[in-house]
1. I'm told PHE219 meets every condition in (1) closer than 22 Å to ARG35 by Cβ; (2) open to solvent by 60 Å² or more (accessible area, probe 1.4 Å); (3) in contact (Cβ under 8 Å) with a residue 40 or more places away in the chain except one. Can you identify the failing condition by its number?
2. Quick one: which of ASN69, ASN33 is within 16 Å of ligand 2 (Cβ to nearest atom), touching a residue at least 12 places away in the same chain (Cβ under 8 Å) and touching a His at 6+ places or on another chain (Cβ under 9 Å)?
3. Any residue in the range 195-203 that is free of Cβ contacts under 8 Å to residues at least 40 places away in the same chain and within 12 Å of ligand 1 (Cβ to nearest atom)?
4. Yes or no: the range 107-118 includes at least one residue that is closer than 15 Å to THR143 by Cβ and within 16 Å of ligand 3 (Cβ to nearest atom).
5. Could you say whether any residue in the range 90-109 is within 13 Å of the chain's Cα centre (by Cα) and under 26 Å from LEU196 (Cα atoms)?
6. Do you know which of the residues in the range 226-246 that are of a type in the set (Gly, Ala, Ser) and assigned to a helix (DSSP H, G or I) is least open to solvent (accessible area, probe 1.4 Å)?
7. Is there a residue in the range 174-194 that is within 16 Å of ligand 2 (Cβ to nearest atom) and surrounded by fewer than 17 Cβ atoms within 10 Å (Cβ to Cβ)?
8. Hey, among GLY202, GLY249, which residue is away from ligand 3 (no atom under 16 Å from the Cβ), modelled with pLDDT of 95 or more and in a loop (DSSP other than H, G, I, E, B)?
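The values are calculated or read from the model by the stated rules, or taken from the named source; none is laboratory data. No experiment lies behind these values; they were computed from the predicted model shown. Because the Cβ atoms are built from the backbone with ideal geometry, glycine has one as well, and the counts that use them run over all protein chains shown. What goes into the accessible areas is simple: the full protein's heavy atoms, side chains included, and nothing from ligands, DNA or RNA. Shrake-Rupley method; radii C 1.70, N 1.55, O 1.52, S 1.80 Å.
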Amino acid sequence: MSEFSPVAKPEFEVPDFEPNAVPKHIAIVMDGNGRWANARGLTRVEGHKAGEAALLDVVAGAIQAGVKNLTVYAFSTENWKRSPDEVRFLMGFNREVLRKRRDQLNAWGVRIRWAGRRPKLWLSVISELKAAEKLTRNNDTLTLTMCVNYGSRIEITDAINAITEDVASGKLKPGSVTEKTVQKYLNTNYLPDVDLFLRSSGEQRASNFLLWQSAYAEFVFLDTLWPDFNRTTLWQAIDAYSGRDRRFGGAVDKPNTASSK
Ligand code: IPE
Ligand code: IPE
Ligand code: MG
């Protein structure tokens, strides 16, 4: 059994969450690798390397908790702004992690999917993503969407372009586009809305991640840097989520009888 077993170990006993306290879809901005490394006198890429174990352990913890969809931000459409060395490292690293971990994830029943754009992305990364998708396509324990070269605004823009093409060719009637139509044209159309939007490292922003899908997500920001994350940190976030009052715009009248005259 590998060190990243999804099977409960005594020190990793999954809390007894109520079934509807567990989010159906968790989105994670895996942030803080560079700061983790620099704080140890290491270069940024060492932080990315250390993030691999965190991801595997978080996937295991999500399976244990009964989460069905986990979507992780691995490389944004804005991350091309980083130094050529870091970009090159991240491309090669994503490819190697997929190659190295796909059998293990497959054995856990994980379905791997890719969300993101082809332009600029290394072809070797695309082919590794496609191979992982193919290998794991019949799995249904948990869907792990790897967002590589992903940006939410461009995802929505691409959807708009596809919609206008279908209007022009007569497949769609002008004026007939609904929220459901837009959802259908997104790259991530197979995913339910995000329930829990989680970001590590203390930053409190969305950074162009799943903006449409997170319209009613609960946001949890933890100070833990991504390489220090593990399944117990994930469960801490699920616990915070379970205490939230999700109203979706509705309201329930509950006058406090003790304070009324
Ligand atoms: C997240 O960590 C990983 C990627 C964006 C690829 P960072 O590299 O952003 O680490 P910080 O935020 O600089 O510490
Ligand atoms: C978001 O983190 C992208 C990923 C985690 C892949 P960044 O570190 O790139 O975001 P900003 O620049 O702090 O907003
Ligand atoms: Mg960052």
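1. So PHE219 meets the others, but not (3).
2. On the way: ASN69 fails: within 16 Å of ligand 2 (Cβ to nearest atom).
The match here is ASN33.
3. no
4. Step one: list which residues in the range 107-118 are closer than 15 Å to THR143 by Cβ, which gives 108-115.
Still in the list and also within 16 Å of ligand 3 (Cβ to nearest atom): none.
No.
5. no
6. First pass over the range 226-246, keeping only residues of a type in the set (Gly, Ala, Ser): 237, 240, 242-243.
Then drop every residue that is not assigned to a helix (DSSP H, G or I), which leaves 237, 240, 242.
Numbers: ALA237: 0, ALA240: 42, SER242: 51 Å².
Per the criteria, the residue is ALA237.
7. no
8. Answer to the selection: GLY249.
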